[in-house]
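Below is one structure; the comments refer to it alone.
The values are calculated or read from the model by the stated rules, or taken from the named source; none is laboratory data. Just so it is clear, the structure is predicted and the values come from calculations on it, not from any experiment. Cβ placement follows ideal geometry from the backbone for every residue including glycine, while neighbour counts extend to all protein chains displayed. These accessible areas exclude ligands, DNA and RNA; they are computed on the full protein's heavy atoms, side chains included. Shrake-Rupley method; radii C 1.70, N 1.55, O 1.52, S 1.80 Å.
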Amino acid sequence: MVSSIVLAYPDKTFNIAQILFKTKDFILQDTNRLISDQGAESLYSIGKNWGVNTNNIIYDEERISTCKDEHRSSTLENLFLKYQFFRNEEVSEEEADKRQKELWSILDTYYNELPIDNNDSTKTWRIYLARMDRRKMNPTTEKTTGGMLINFNPELESDLKEYSEKSIAKTTESMKYTSLKLWADFKFRKDDKAKNYEKYETNPLEALKDVKDILEKLNQLYSDSSIEDEDNFILFNKSIP
């Protein structure tokens, strides 16, 4: 709740944000909160559309509307960086500079506390630090139809670049059947949105083929727990067949 208030009113709550920033787990868990939020709307919508617990519709609709609150699309990590680059008229330049130095002090403390071992958890946290540190960025801008786009371009050390690329590849593999899951959900509920997934709508045999691939991969993972990224693939795909 405190984190949500800070994200909604960042210029008025810097003193509270600063406290949150000093606890690494708050930053990490708020990213998990964002991921949960992104799936919450479809979760509540599914429950409502299936007609389960119809007496709770008013509460489901409240949760769905909450997911659309603008501040919920941000995170403590995003806010940490935003404080270093932007200020509104309510914040003086002197105050913005002061805040920036305080944030850099927090980052420097985290750098000094990095463990010697460089396991996956440490690498992930180092990537967070790189994405939050303005001093290690080379931002560029480009004009788009919607306005000015800023690319922050955090500088990652070579081992972090490799780790990040592998992580992205794993996530992509785990979520490659998301469109199949959505199509199946809509189809089961007789929702016209199923027509948006033309690959399966026009050729259901493609759905059957992909389900067979999922089952084959699941059987492989269940029989060999040493395969990397087992949990992610199972989490995202177990329910699809």
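Points to keep in mind about this one:
- Full-extension gain in nm, LYS161 to GLU198, via 0.36 nm per residue minus C-alpha separation: 9.8 nm
- The share of accessible area on the chain that comes from carbon and sulfur is 51 percent, using a 1.4 angstrom probe.
- Alpha-carbon gyration tensor eigenvalues x 5, square-rooted, for the chain, Å: 38, 25, 18
- Pairwise label distance in nanometres, ASN56 with SER223, each label 7 Å out on the Cα-Cβ vector: 3.9 nm
- Spin-label model, PHE85 to ASP11: label points 7 Å out along the Cα-to-beta-carbon direction sit 1.8 nm apart.
- Straight-line cross-link partners of LYS199 among the lysines, defined as a Cα under 30 Å from its Cα and at least 8 positions apart when in the same chain: LYS48, LYS68, LYS166, LYS170, LYS176, LYS181, LYS187, LYS190, LYS209, LYS212, LYS217, LYS238.
- Long-range HN-HN contacts of MET175 with modeled amide H, under 5 Å: none
- Tensor-based shape of region 150-241 (alpha-carbon gyration tensor, a/c under 1.5 rounded, otherwise prolate or oblate): oblate
- Contour excess over end-to-end distance, with Cα ends at ILE116 and VAL2 and 0.36 nm allotted per residue: 37.8 nm
- For the pair ILE168 and ASP97, label points projected 7 Å from Cα toward Cβ lie 3.7 nm apart.
- Each Cα pair under 8 Å and six or more residues apart adds its separation to the average, and for the chain the resulting relative contact order is 14 percent.
- In Å², nearest 10: area of SER73 left accessible to a 1.4 Å probe: 80 Å²
- The spacing between region 93-129 and region 168-241, judged by their C-alpha centroids, is 38 Å.
- The residues of the chain expose on average 66 square angstrom of accessible surface per residue, using a 1.4 Å probe on protein heavy atoms.
- Sites matching trypsin sites (Lys or Arg not before Pro) across region 131-194 that sit in DSSP coil, with at most 11 neighbouring C-beta atoms within 10 Å: LYS190
- Global form of region 122-173, assessed from the alpha-carbon gyration tensor, a/c cut-off 1.5: oblate
- Segment THR178-SER74, extension gain: residue separation times 0.36 nm, minus the distance between their alpha carbons: 35.1 nm
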